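Each value in this text was obtained by applying a stated rule to the coordinates, not by laboratory testing. No experiment lies behind these values; they were computed from the predicted model shown. Neighbour counts are summed over all protein chains in view; Cβ atoms, including those assigned to glycine, are modelled from backbone coordinates with ideal geometry.
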Amino acid sequence: MWGYFLGRLAIAIPTLFIVTIIVFGLQHLLPGDPALALLGEDRSPEAYEQVRKQYHLDKPVPVQYAMWIGNALTGDLGASLRTKKPVADLIAEKLPVTVQLALMSMAIALLIGIPTGILSAVRRNSFWDYAANVLGLSGQSVPTFWLGIMLILLFSVRWGLLPASGYVSPFENLGDNLRAMIMPAFVLGAALAAVMMRHTRGAMLSVLRSDYVRTARAKGLNERRVVLRHALRNALIPIITLGALQLGQLLSGAVLTEQVFTIPGFGKLIVDAVFNRDYAVVQGVVLVTATAYIMLNLLADMTYFLVNPRLRG
Amino acid sequence: MRSRFSLLIGAAALTFAGAAQAQHLRIGLAEDPDLLDPHQARTFVGRLVFTALCDKLVDIDANLKIVPRLATEWSVSEDGKTVTMKLRHGVTFHDGEKFDAAAAKFNLERALTLPESRRKSEIAAIATVDAVDDYTIRLNLKEPSSPLLSQLTDRAGMMVSPKAAKELGANLANKPVCSGPFKFVERVQNDRIVLERFANYWDKDKYHFDKVTFQPIPDATVRLANLQSGQLDMLERLLPTDIAAVKADKRLNLQAITSLGYASFSINVGNTPRANTPVGKDPRVREAIELSIDREILNQVVFNGEFTVGNQPVAPTNPFYAKTMPVPKRDVAKAKELLKAAGVPNLSFEMQVPNDTQQTQVAQVLQGMMREAGIDMKIVSIEFATALQNQTKRDYVTSLIGWSGRPDPDGNIHVFLHTGAPLDETDYSNADVDKHLDAARTTYDVAKRQEHYTKAAEQYLKDRPIIYLYHVKWLFAHSTKLAGFKASTDGMIRLENVKLQ
């Protein structure tokens, strides 16, 4: 088992390397000159030359990449073209926000998705099953930005219960932090819960039909024990895979939700950076999120061993 | 658990009530500013922050007249080539450093020489700066420059602490030290910029807030929702389509003022390959295009009639508007005739349009009106950074774009229409126009300047390298609790005598 994981870790390094090359290359394929994006109305030829020189944009792309990766290997991710802030500082500033939003959304998705999934599998073709399916389908179909704006209009503008947008650090004021985060977390969580619910239902249905469940029932175990102890444990494997992928996605930033609720996380950071052609920021954020993605997948693989004894060879 | 949660909410409510008494102003911005160093900054939105953070040598009043700030009086020499300024006594920077002639000299030189400075072209007329005595500076100019003083009403005239600037260099942007009514506390990118009252400000009695927070909220609907639910006290750049909602809300006030800028489309009229089209080559075709447009309808359809219709780089209310060239009436029949005479009765051309909702709508309305004159205008939707690149590379036929505007007409005209000027991206070149624009720049006599600008306008508005459409209005919405705020034509939020009741 450990050999397997070490092998996987070793593969992660070249993967990250390739990811950075692809992202760097793709950014340079984008039309739109970063020096011009930076200068805007002040784009005089003189200023243009100065900016190109200052940020080494006048050098060939492979040279620019070599300079970036060289610095990155020594831990220096460069500074934002737009605000001169070190990229490492920006990431340190935004990562906790994104992690909190991701964990809260995931918790909401799990709390809604798994129980409703189990319920609709156990009570297949009942009213509950149909209701859960309709809810799930709408959760998947409603665009997050629309749901976000509707919630803001209802809870903030009409009832004045929650702040419309913005972010407060939990260390500053935990209550304000939760009040600010609950709506965006719900919007993100609701969409994920829908996917989670459908997968749980599918996995449970196939497990419930299997022989060992019939055996368990034949032994006279009560239904609750059969469903939760015997069936769910096996059904969880595809759900864990899905959850890890979803969490990876959440950590790379929820672009639309962060935009609507003005949450200063990774999503907003990377979108602004792409529009401003702020190469250093895009590269830095991608490096961090790609690492998180790879690690989460690895973690998911390890979890399989925990829930499914048959895999512990 | 529940009691703990309600306790937290109670605590939050208390802090909130406390904040209201301590005069905390929260302003919603449409974008996140860039560098917080007046010499390096590039964005319009950043200027809103600088207005509270940094003091400048001079300012403009409601009638665009230049009024004292850190410079109390000034005079121009007979030959127009030296400007002498007396400076205010008793001014300190946020780090306690004294403001004097040496500091002013340092700042102007920094704006002229810092490699990252974006102010160089704005004050390029200055050759050298002398500190005559402790509180007098002399600007020695390369040639007389009437727009220079107006440049000093903005970022080029803002003063930063020489000590901090020497220590931090270009990194001053992360920890700006100015001399304005409010000093820098912190910035969280994409989230907030916090300023607090500067106790030693020379004019502190006119400023009433203990704390000012700028919050970038790009989504206009959400920005308004924050104002309606009380998380903001005011916001800038309200959407014209939201005016009705603000007017209907008894807790909100609206202020609108015509900006110094303009919206237009540029036409590539030079000698590059993409200028080689009937639109680029034949002035009759460009006239036909302009005649097919009804600016009033455009304003009604896209902006609920809230903006100001115009046909020149300055608004019709501006003293430098050429009265001999009024907004032309739509004339589809004449447009068709001109196209026929030019040999292109079925004209077809491309317009590059930034891919935001409002610009796209403007382009669609133009497209509809042109179609009635038999013109097939094709919209090429494009992202802003790419649009700029196409313009600098002359890789466009026509391009929908605007200008945020400058207080002096020179800043709206010379830089775009003078041969080889930095933003002459249409490649327009006319010796007569050049002559008048240069003359208007080097004389201080307002009547003579008006005459030169009118003569120039009579030519370039006939040649039509740029077709001007309308002037945006700056729209501010704020809580009725906010008293004393008056919108300025440069779109800035001046906090003098503004308070929360």
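For chain A, what does -39500 (n - 2.57) per DSSP helix run (n ≥ 4), summed and divided by total residues, give at 222 nm, in deg cm²/dmol to the nearest 500? Here the helix-only value at 222 nm equals -24000 deg cm²/dmol. Grab the beta carbon distance between A:T15 and A:Q140, set R0 = 35 Å, and tell me the FRET efficiency rounded to 0.05. Rounded to the nearest 0.05, the efficiency is 0.70.
Listed by Cβ neighbour count within 10 Å, with the fewest neighbours leading, B:H24, B:H418 appear as B:H24, B:H418. Per-residue shielding of A:170-176, expressed as the average number of other chain Cβ atoms within 10 Å of the residue Cβ, stands at 4. Positive contributions from Lys and Arg (+1) and negative ones from Asp and Glu (-1), summed over other residues with Cβ under 15 Å from the Cβ of A:V260, come out at -2. Working note: 222 nm ellipticity from helices only, DSSP H runs with n ≥ 4, each -39,500 (n - 2.57), summed and divided by the residues of chain B, gives -9500 deg cm²/dmol to the nearest 500. With contacts taken as Cα pairs under 8 Å at a separation of at least 6 residues, chain B carries a relative contact order of 19 percent.
One Cα centroid belongs to the range A:93-117, the other to the range B:228-252; the line between them spans 33 Å. The HN-Hα couplings worked out from phi for the range B:333-346 by the Karplus form 6.51 cos²θ - 1.76 cosθ + 1.60 (θ = phi - 60°) are 4, 5, 4, 5, 4, 4, 5, 5, 4, 7, x, 10, x, 10 Hz, whole numbers, x standing for Gly and Pro. Can you compute the FRET efficiency between A:S210 and A:M150 using 1/(1 + (r/R0)^6), with r the Cβ-Cβ distance and R0 = 60 Å? Round to the nearest 0.05. Efficiency at R0 = 60 Å is approximately 0.90. For the cross-link pairs B:K206/B:K486; A:K53/B:K105; B:K323/B:K473, the ones whose C-alpha atoms lie over 18 Å apart are A:K53/B:K105; B:K323/B:K473. Remark: spin-label model distance B:T324-A:F171 equals 6.8 nm, labels positioned 7 Å along the Cα→Cβ axis. The spacing between the range B:84-149 and the range B:476-493, judged by their C-alpha centroids, is 30 Å.
Taking Cα centre as origin and charging only the Cβ of basic (Lys, Arg, +1) and acidic (Asp, Glu, -1) residues, the dipole magnitude of the range B:197-267 rounds to 100 debye. Convex hull of alpha carbon positions in the protein assembly as shown: directionally averaged projected area 40.5 nm². Remark: spin-label model distance A:L298-B:N276 equals 5.9 nm, labels positioned 7 Å along the Cα→Cβ axis. Are there DSSP H segments in chain A that both extend 20 Å or more along their axis (alpha-carbon positions) and score a mean Kyte-Doolittle hydropathy of at least 1.0? List them, or say none. The answer, listed by residue number, is A:2-29, A:87-122, A:174-208, A:232-251, A:279-307.
Annotation: aspartates and glutamates with alpha-carbon distance below 14 angstrom to B:K336 (same-chain offsets under eight excluded): B:E287, B:E290, B:E372, B:D376.
Computed from point charges on the beta carbon alone (+1 for Lys and Arg, -1 for Asp and Glu), the dipole magnitude for the range B:55-174 about its Cα centre is near 220 Debye. Listed from fewest to most Cβ neighbours within 10 Å, the set B:D32, A:D211, A:D76, A:D33 follows the order A:D211, A:D76, A:D33, B:D32.
Think of the protein assembly as shown as a dipole: +1 on every Lys or Arg Cβ, -1 on every Asp or Glu Cβ, centred on the Cα centre; then among A:V122, A:Y167, B:Q255, A:V122 lies furthest on the positive end. Cβ-Cβ distance of B:Q255 and A:T291, R₀ of 56 Å, FRET efficiency by 1/(1 + (r/R0)^6): the value works out to about 0.70.
Look at the stretch A:262-275: the mean tally of other chain Cβ atoms within 10 Å of its residues' Cβ atoms is 3. The residue list B:P115, B:V83, B:A103 was ranked by how far each Cα lies along the charge dipole of the range B:55-174 toward its positive end, using unit charges on Cβ atoms, and B:P115 comes out on top. Reported value for the range B:261-418: 117 Å³ per residue, from the convex hull of its C-alpha atoms. Using Cα pairs under 8 angstrom and six or more residues apart, how large is the relative contact order of chain A, in percent? Relative CO of chain A lands at 25 percent.
Projecting the Cα positions of B:W202, A:L29, B:Q459 onto the charge dipole of the protein assembly as shown (unit charges on Cβ atoms of Lys, Arg, Asp and Glu, taken about the Cα centre) puts A:L29 furthest along the positive direction. What range in chain A is the longest one free of trypsin sites (Lys or Arg not before Pro) that are in a loop by DSSP and have at most 14 other Cβ atoms within 10 angstrom? Free of exposed loop sites, the longest segment is A:1-122. Summed over all non-identical Cα pairs, the Kirkwood treatment of the range B:278-332 gives a radius of 12.6 Å. Out of all DSSP beta bridges with both ends in chain B, state the antiparallel percent to the nearest 5. Among the beta bridges of chain B, antiparallel pairing accounts for roughly 75 percent. Close amide-amide hydrogen proximity is noted between B:K56 and B:L70, each under 5 Å apart and 5 or more residues distant or on a separate chain (H modeled in the peptide plane; Pro and chain starts excluded). Over all pairs of distinct alpha carbons, what does the Kirkwood formula give as the hydrodynamic radius of chain B, in Å? Its Kirkwood hydrodynamic radius stands at 24.5 Å.
A simple charge model with +1 on the Cβ of Lys and Arg, -1 on the Cβ of Asp and Glu and nothing else charged puts the dipole of the protein assembly as shown at about 3320 debye relative to its Cα centre.
Remark: relative contact order (the range B:262-471) = 34 percent; criterion is Cα-Cα distance under 8 angstrom and separation of 6 or more residues. Ordered by the count of other Cβ atoms within 10 Å of each Cβ, fewest first, A:I112, B:I379 give B:I379, A:I112.
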